[in-house]
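For reference, the structure discussed in these notes is given below.
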Amino acid sequence: MPENSKNSLSKRIDPSPGRGRLIILSAPSGAGKSTLCQALRRRFPELAYSVSHTTRIPRKGEENGKDYYFITEAEFKKNIQQGKWAEWAEVHGHFYGTDAVFLDTHLSAGRFILLDIDVAGARQILEKYPDSITIFVMPPSLDVLRQRLEKRGTDTPEVIAKRLENAKAEIAQKNIYRHVIVNDALPEAIKQLTAIIQRYLNGPKSDSRPRDVKGETD
Ligand code: ADP
Ligand code: 5GP
């Protein structure tokens with residue numbers, strides 16, 4: 001299956017020698033991004049993980065500094081003014097942002113960094129870091145997405161309805177991503193993601209876009 005190269009916003013740019021790269025993982029809420037990110041962090045301990053800042057309240061089990069930095073809206077807005085975010089977006093009524101210093105520090109140190117951000121954030125990152133590796137995770141269907149959100153049990157019916165509405169808009173933009181995979185059976189999705197990332201970590205250094213990885217669109 002060839003990669004999604006027609007509309008993808010990822011540019012064919014030779015990565016700077018010795019510099020790291022960003023791996024952007026996006027998906028509609030409930031598609032399994034956090035689950036997949038956890039698996040990838042275990043599989044690739046050498047990847048840095050960009051812990052986002054958010055103004056939403058923690059879900060049960062979420063830890064400050066591990067899952068997110070939970071901050072107030074006032075702090076978030078001050079950081080916008082001070083240019084501290086590499087990107088930020090309002091998602092489902094809350095603010096989310098990526099620390100610019102964290103990215104630049106780790107990129108300069110030659111590390112690959114995993115980012116779990118939404119489509120609006122991905123567009124901003126691609127403006128600043130056009131050689132970013134972009135992966136979109138699809139749910140098998142909107143019905144399955146609803147079931148996963150309901151089963152997760154962390155959101156009210158109103159919030160779930162809002163997330164499903166947003167999912168349609170996000171899925172409509174999936175072709176800006178270089179790679180698109182479907183998170184149906186979890187082990188298979190992990191296998192596909194692992195293959196994509198492993199290929200980038202291995203090189204070839206002069207080609208930012210591996211060509212024959214499973215799980216890509218078009
Ligand atoms: P996201 O981070 O994208 O919002 P989560 O990782 O929290 O999504 O996953 C949403 C729910 O779906 C969780 O309860 C998770 O355990 C479950 N889930 C994730 N991937 C799969 C899968 N492949 N099959 C079935 N359930 C899944
Ligand atoms: P959740 O509240 O379910 O953890 O995340 C909601 C959405 O916000 C997800 O699509 C997630 O990818 C996105 N998100 C998380 N962190 C960031 C961030 O730092 N920036 C942007 N733009 N989106 C983020």
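Annotations
- For residue 52, nonlocal amide neighbours, meaning residues 5 or more places apart or on other chains whose placed amide H falls under 5 Å from its own, are 69.
- Calculated log₁₀ intensity ratio I(q)/I(0) where the Debye formula runs over C-alpha points of the range 17-202, q = 0.16, 0.17, 0.19 Å⁻¹: -1.04, -1.19, -1.51
- Separation of the alpha carbons by more than 22 angstrom is noted, of 33/66; 162/191; 78/162; 66/191; 66/128; 33/162, for 162/191; 78/162; 66/191; 66/128.
- Ranked for footprinting exposure by Cβ neighbours inside 10 Å, fewest first, 78, 60, 66 give 60, 66, 78.
- Beta bridges per DSSP, both residues in the range 17-202: antiparallel share near 30 percent.
- The string of couplings for the range 190-203 from the Karplus curve (6.51, -1.76, 1.60, θ = phi - 60°) is 5, 4, 5, 5, 4, 5, 4, 5, 4, 4, 5, 5, 6, x Hz, one whole number per residue in order, with x for Gly and Pro.
- Compared with the alpha-carbon gap, the fully stretched path from residue 102 to residue 123 is longer by 5.7 nm at 0.36 nm per residue.
- Modelled spin labels at residue 142 and residue 77, positioned 7 Å past Cα toward Cβ, are 3.4 nm from each other.
- Full-extension gain in nm, residue 16 to residue 35, via 0.36 nm per residue minus C-alpha separation: 3.8 nm
- Amide H partners (placed H, <5 Å) of residue 86, local residues excluded: 98, 99, 100
- A simple rule links phi to the HN-Hα coupling: the Karplus curve 6.51 cos²θ - 1.76 cosθ + 1.60 with θ = phi - 60°, which for the range 148-153 gives 5, 5, 5, 5, 4, x Hz, with x for Gly and Pro.
- Over the chain, Cα pairs under 8 Å with separation of 6+ residues give a relative contact order of 37 percent.
- What the phi angles of the range 74-87 give under the Karplus curve with 6.51, -1.76 and 1.60, with θ = phi - 60°, is a coupling list of 4, 4, 4, 5, 4, 5, 4, 4, 8, x, 7, 8, 5, 7 Hz, glycine and proline written as x.
- Length gained when the stretch residue 94-residue 59 is fully extended (0.36 nm per residue, less Cα-Cα span): 11.2 nm
We did not get these values from a lab; they are worked out from the coordinates using the rules stated. Bear in mind that the values here come from a model prediction, so they are computed numbers and not experimental data. Every residue, glycine as well, gets a Cβ built from its backbone with ideal geometry; the counts of neighbours run over all protein chains shown.
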